[in-house]
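Beneath this line is the structure, given in structure tokens, with notes to follow.
The values are calculated or read from the model by the stated rules, or taken from the named source; none is laboratory data. If you're wondering where the values come from, they're calculated on a predicted model, not measured in any experiment. Cβ placement follows ideal geometry from the backbone for every residue including glycine, while neighbour counts extend to all protein chains displayed. The accessibility values were calculated without ligands, DNA or RNA, using every heavy atom of the protein model including side chains. Shrake-Rupley method; radii C 1.70, N 1.55, O 1.52, S 1.80 Å.
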Amino acid sequence: MGFFDFMTEDIAIDLGTANTLIIHNDKVVIDSPSIVARDRISGKIIAVGKEANMMQGKTHENIKTIRPLKDGVIADFDASEKMINMFIKSIPALKKRMFTPALRMVVCIPSGITEVEMRAVKESCERVNGKEVYLIHEPMAAAIGIGIDIMQPKGNMIVDIGGGTTEIAVIALGGIVCDKSVKIAGDVFTNDIVYYMRTQHNLFVGESTAEKIKIQIGAAIENLETPPEDMSVQGRDLLTGKPKQVEVSYREIAKALDKSIQRIEDAVMETLSQTPPELAADIYNTGIYLAGGGSMLRGLDKRISQKTDLPVYIAEDPLRAVVRGTGMALKNITKFKNILIK
């Protein structure tokens, strides 16, 4: 085994709808958008990650940008495999190797995922030289990444708002007691903004622009204590067809996102109502933890707190909480062997 160990590299992957993160040797070595650009004629992948992201919405007919993951699961098997492969090949420490080492991987998956979708993730990883592939549920990974001791007989509630799905779970004794996975998350927020700009301002904006709006002035409540400044948004005027610019305030974005955030609130309330009483007692004391990119929406913590009457905490570096937890699970495979799915 000694020699084989030397040949094996450990990597932890958070394969997200919006971003893919990879940890190798306790460092985040890849943090890139989950998107690839394909040449339509030759079928070759010409760009991946940040580079492909810049092309989104700006392509001619010979280039197609693909987001291989939809709602947290693999939608385009071929593209996702090539994307994972390109990411792994671009890890600095593995570039130096003469041939691709065998990989031991831990990959996280949404909790509401089906057997077939689980197999798709596994097979994708095995085809990029993954000799041992373990899967871990996202809310679990998020909990470990936040720093919660998940093995304790204590209930903790995690709300992980990603790009494709929002994962809500109550965790105790190293397992998920009750969970809910809703397909309302970052991507839906972005589409809400596109729709709002269209209907309220007669301005047609692309997804990339809408995402910029969401990050720069996105909000979940209409009265923030430290509001961001208004933003100038450029797009195409639907009436005249000319490019134009409008000023947008965070209050408008809060209005645009209101319905979707309400659905996340409802899912949180529903999960709380399914929680066994002993764990509900724990959660009254520990509160709710938010992770994932969506948790960075201004005022969302406050809004969920008002709805649930519980304290709400945002993980530090919420975008990386899941991959950090996945990395910790990888380091202590023996300790966490009950929560890893082989």
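Could you list, in sequence order, the residues of the stretch 68-113 that are touching a helix residue (DSSP H, G or I) at 6+ places or on another chain (Cβ under 8 Å) and among the acidic types (Asp, Glu)? Answer for the stretch 68-113, where residues must be touching a helix residue (DSSP H, G or I) at 6+ places or on another chain (Cβ under 8 Å) and among the acidic types (Asp, Glu): just 81. Taking first residues from the stretch 41-60 that are within 16 Å of residue 84 (Cβ to Cβ) and partners that are at pLDDT below 90 and of a type in the set (D, E, K, R), the Cβ contacts under 7 Å between residues at least 6 apart in sequence or on separate chains come to 45/82. Selection of the stretch 215-235 for residues being part of a strand (DSSP E or B) and surrounded by 15 or more Cβ atoms within 10 Å (Cβ to Cβ) yields 219, 231, 233, 235.
Residues in the stretch 282-296 include none that are loosely packed, with under 13 Cβ neighbours inside 10 Å, in contact with a Gly (Cβ under 9 Å, 6 or more places away or on another chain) and not in a helix (DSSP H, G or I).
Of all residues in the stretch 199-209, which are touching a strand residue (DSSP E or B) at 6+ places or on another chain (Cβ under 7 Å) and either crowded, with 19+ Cβ neighbours inside 10 Å or acidic (Asp, Glu) (or both)? It would help to see each step written out before you state the result.
Applying the first criterion (touching a strand residue (DSSP E or B) at 6+ places or on another chain (Cβ under 7 Å)) to the stretch 199-209 yields 201-205, 209.
Scanning the stretch 199-209 gives 203, 205, 209.
So which residues in the stretch 262-281 are open to solvent by less than 20 Å² (accessible area, probe 1.4 Å) and either outside any helix (DSSP H, G or I) or not hydroxyl-bearing (Ser, Thr, Tyr) (or both)? Explain how you work it out, then say what you get.
Filtering the stretch 262-281 down to residues open to solvent by less than 20 Å² (accessible area, probe 1.4 Å) leaves 264-265, 267-268, 271, 275.
Residues satisfying the conditions are 264, 265, 267, 268, 275.
Filter the stretch 188-200 for residues that are within 18 Å of residue 57 (Cβ to Cβ) and out of contact with any helix residue (DSSP H, G or I) (no Cβ under 8 Å at 6 or more places or on another chain) and give the result. Selection gives 198 alone. Within the stretch 181-198, being among the hydroxyl-bearing types (Ser, Thr, Tyr) and either open to solvent by less than 40 Å² (accessible area, probe 1.4 Å) or under 16 Å from the mean Cα position of the chain (by Cα) (or both) holds for 181, 190, 196. Among the residues of this structure, residue 212 does not count as one that is surrounded by fewer than 16 Cβ atoms within 10 Å (Cβ to Cβ), on the phi < 0 side of the Ramachandran plot and not small (Gly, Ala, Ser).
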